[in-house]
Amino acid sequence: MTKARLLRLSVVLVSIFMILLIIVYWDNVGTAHFYLHTSFSRPHSPGAIPGITAGEDWEALPDVDEFLAKLLSSNLKQNSSSPRKTEQLLVQGSSKPAVSNLEENVRGYDWSTHNDRNSLDQEKLQIERQRTLREFCANSSFTFPTKERSFDDIPNYELNHLIVDDRHGIIYCYVPKVACTNWKRVMIVLSESLLDQGVPYRNPLDIPREHVHNTSTHLTFNKFWRRYGKFSRHLMKIKLKKYTKFLFVRDPFVRLISAFRSKFELENEEFYRRFAIPMLKLYSNHTNLPTSVSEAFGAGLKVTFSDFIQYLLDPRTEKMAPFNEHWRQVYRLCHPCQIDYDFIGKLETLDEDAAYLLQLLKVDRLLRFPPSYRNRTASSWEDNWFAKIPLAWRQQLYKLYEADFVLFGYPKPENLLKD
């Protein structure tokens with residue numbers, strides 16, 4: 001009887017072991033490899049570039065996490081012992097993509113060569129940004145929706161902005177209207193997730209825009225369930241613990257202005273039908289609107305910035321559907337109080353931050369961050385854009401985006417919130 005029980009137990013254990021091995025093997029032969037090439041993760045002391053090794057302590061983990069962690073460490077050692085491909089310096093070869101004059105004017109592409117600027121003390125800057133974020137996440141007197149929930153409480157569909165590069169051990173949370181197109185291009189090059197005639201892209205600027213924003217191009221956390229089933233959360237936690245996690249943010253009001261300009265000042269069929277038509281009907285009392293954006297623009301029917309602000313403040317809006325990602329708050333996209341980010345970049349210091357991040361990731365010899373957009377939607381424009389917005393609306397809007405201002409160290413726009 002005892003032998004039979006032991007036999008059944010051994011069969012169960014072997015089965016579980018084989019399933020886990022299959023998962024690891026599948027990642028090795030697929031787009032998601034468990035080995036790391038980055039040398040930087042987790043908060044670190046001043047003066048030292050952070051580092052991780054295959055044998056470092058992973059702290060106390062649940063049993064399944066610990067078992068997977070050991071497999072991951074073993075796989076890491078195995079891969080680190082094998083010869084690595086010679087890194088080749090990639091020369092930026094392509095010229096700027098073709099864009100219309102209108103798009104050039106609104107998006108503000110900057111193809112000029114940037115002169116060397118005064119170097120920022122990036123390490124101290126990162127320490128300060130992370131300190132601010134952690135302090136307010138830990139401050140019980142500062143509250144906002146979803147702040148107190150754990151990572152396990154986050155629905156799977158809300159993890160769709162976390163892009164994973166298993167080749168280099170990187171997780172990037174993309175925020176629309178914060179240089180995310182070019183950062184997605186960088187992630188495609190690093191992860192080799194997209195091929196051109198059978199060959200991975202080497203130059204970020206060669207990747208067509210329509211492929212960059214195709215969700216099938218990227219491995220994101222919300223896809224883990226289909227691949228790993230009930231082990232998906234365990235694997236997410238391991239990757240969050242071991243990988244370098246970064247995001248880029250921007251002044252929240254300036255981001256809103258940028259979103260309005262790119263989605264409603266340019267002819268965008270999808271945004272016209274999904275958002276502009278309801279806004280024009282609800283807030284501008286228009287009826288019998290054209291079905292196409294070109295007809296609407298031809299007739300002078302455009303959403304105003306005032307319409308857009310009313311839409312954001314209208315309690316009916318999110319009863320219908322969550323905010324679109326282009327104006328959804330960063331804390332809802334990237335969950336900064338549940339995920340401990342290693343690097344916080346800002347659009348206002350994009351060139352310096354991008355160069356420093358690529359250096360820390362040890363991929364600066366593989367690629368360069370593409371030329372950034374000129375910050376045409378500048379913070380100095382806020383007064384003009386909000387001049388016709390009633391004070392009460394401005395104050396409500398600030399409350400709606402207050403968490404993004406506070407968590408990422410943006411000053412309260414007092415000039416907009418007082419008479």
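The values are calculated or read from the model by the stated rules, or taken from the named source; none is laboratory data. As the structure is a computational prediction, the values presented were derived from the model and not from experiment. Cβ coordinates were reconstructed from backbone atoms using ideal geometry, including for glycine residues, and neighbour counts include every protein chain displayed. Heads up: the accessible areas ignore ligands, DNA and RNA and are worked out on the full protein's heavy atoms, side chains in. Shrake-Rupley method; radii C 1.70, N 1.55, O 1.52, S 1.80 Å.
Structure summary
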item	result
Single residue of Lys245, Lys184, Lys237, Lys230 found to be of a type in the set (D, E, K, R), open to solvent by 20 Å² or more (accessible area, probe 1.4 Å) and closer than 30 Å to Leu407 by Cα	Lys237
Asp353 vs. criteria among the acidic types (Asp, Glu), outside any helix (DSSP H, G or I) and in contact with a strand residue (DSSP E or B) (Cβ under 8 Å, 6 or more places away or on another chain)	no
Residue within region 309-326 that is of a type in the set (S, T, N, Q) and not in a loop (DSSP other than H, G, I, E, B) present	yes
Residue list for region 219-256, restricted to those being of a type in the set (S, T, N, Q) and part of a helix (DSSP H, G or I)	Asn222, Ser232
Per-region count, region 379-404, residues among the basic types (Lys, Arg) and closer than 15 Å to Asp419 by Cβ	2
Any pair with Cβ under 6 angstrom, 6 or more apart, that starts in region 136-158 at a residue that is part of a loop (DSSP other than H, G, I, E, B) and ends at one that is basic (Lys, Arg) and open to solvent by 30 Å² or more (accessible area, probe 1.4 Å)	none
Hey, Pro290 open to solvent by less than 60 Å² (accessible area, probe 1.4 Å), assigned to a loop (DSSP other than H, G, I, E, B), without any contact (Cβ under 8 Å) to a residue 40 or more places away in the chain and farther than 30 Å from Leu360 by Cα or not	yes
Test set (1) modelled with pLDDT under 95; (2) open to solvent by 20 Å² or more (accessible area, probe 1.4 Å); (3) β-branched (Val, Ile, Thr) - Thr377 fails condition number	(2)
Ala259 being part of a helix (DSSP H, G or I), at pLDDT 95 or above, of a type in the set (Gly, Ala, Ser) and over 21 Å from Asn182 (Cβ atoms)	no
